[in-house]
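Below: one structure, written as structure tokens.
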């Protein structure tokens, strides 16, 4: 038995996150083979950052927590784990955003992070907003424990197909907990792709080092009325390629080789969307193009 505990204790209001760490997470980590003195599968507790801030574009956010564990495999950080009290929400909201902010920091840079409140052990990866695995700890079978061991000890999460995608700007902005009800301005961003979504809606794909030194992909949607402004400054060859590609399937112009840049003001869309390939993203809505 991995956890020798009566889960009724979780109803005690005095049972806090320190008890979750000692009674639940610590035995799980021993079961998985992680130890403080094991260089191949090492635990570092409460790893503090030299620069406890995370940057996204021109926005800066101070990290408000130091998660309880960072697990390393062969000296490389693999996953961040944070304990919460049994009454805390670990499926969405500020608790998830806080651990995401730590995991994405350049001094840590894990692809996965997890939260445990004694009731559930939830594993997330950076490319989504919902748990990729959620374990109900009070009803774990031997197969469930083996599944957790496979995912955390072998860290197979890094092999998920979604990890071939780049981080999405809108998802990062959302998960880092920035206020998103204001207009943002971007200057001279390189346009990689222009796509036609419908007769009235078009979209841009833009790559940039918005997040510290990490390249992030931005999707920016705009109304057809702005297409002329978007194409201003294009070379003749780039303009011809764009017009021809947008007039025939798959209605997508790859123009990164032409070095076309765009400046605009916009705001984040209200909802996270999902592509046909399962990639989650939250596009910007371009309000106007700056000449």
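Counting every alpha-carbon pair across segment 7-162, the share separated by more than 27 Å comes to 18%. Helical runs assigned H by DSSP (4 residues or longer) give the chain a calculated mean residue ellipticity at 222 nm of -5000 deg cm²/dmol, each run adding -39500 (n - 2.57) before division by the residue total.
Taking label positions 7 Å along the Cα-Cβ direction at both residue 224 and residue 55, the computed distance is 4.1 nm, reported to one decimal. For the listed peptides 140-150, 106-116, 192-202, a ranking on the average number of other beta carbons within 10 Å per residue, highest first, reads 106-116, 192-202, 140-150.
Across segment 169-290, Cα-Cα pairs more than 17 Å apart make up 56 percent of the total.
Checking the a/c ratio against 1.5 first, then a/b against b/c, what shape does the Cα gyration tensor give for the chain? Note, shape of the chain comes out prolate. Taking every C-alpha pair closer than 8 Å and separated by at least 6 residues, the mean separation divided by the residue count of segment 1-86 gives a relative contact order of 31 percent.
Quick check on the exposure proxy: order 49, 152 from fewest to most C-beta atoms within 10 angstrom.
By the 10 Å Cβ count, ascending: 49, 152.
With a simple spin-label model that places each label point 7 Å from the Cα along the Cα-to-Cβ direction, the separation between residue 273 and residue 290 comes to 2.4 nm.
Note on 284, 3: ascending count of other Cβ atoms within 10 Å places them as 3, 284, the fewest first.
Taking a point 7 Å out from the Cα of residue 138 in the direction of its Cβ, the residues of segment 1-37 whose backbone N falls within less than 14 Å of it are 5-13.
Across segment 56-195, the mean sequence separation of Cα contacts (distance under 8 Å, 6 or more residues apart), normalised by length, yields a relative contact order of 19 percent. Extending 7 Å from Cα along the Cβ direction at residue 40 and again at residue 74 yields two label points whose distance is 1.1 nm. Taking 0.36 nm per residue of separation and subtracting the Cα-Cα distance, full extension of the segment from residue 166 to residue 31 would add 45.3 nm.
Neighbour counts of other Cβ atoms within 10 Å put 35, 78 in the fewest-to-most order 35, 78. For the chain, relative contact order (Cα pairs under 8 Å, six or more residues apart, normalised by length) works out to 14 percent.
Readers should treat all values here as calculations from the given coordinates under stated rules, not as data from a laboratory. Fair warning: this is a prediction, and the values are worked out from it, not measured in the lab. All Cβ positions, even for glycine, are placed from backbone atoms using ideal geometry, and neighbour counts span all protein chains on display.
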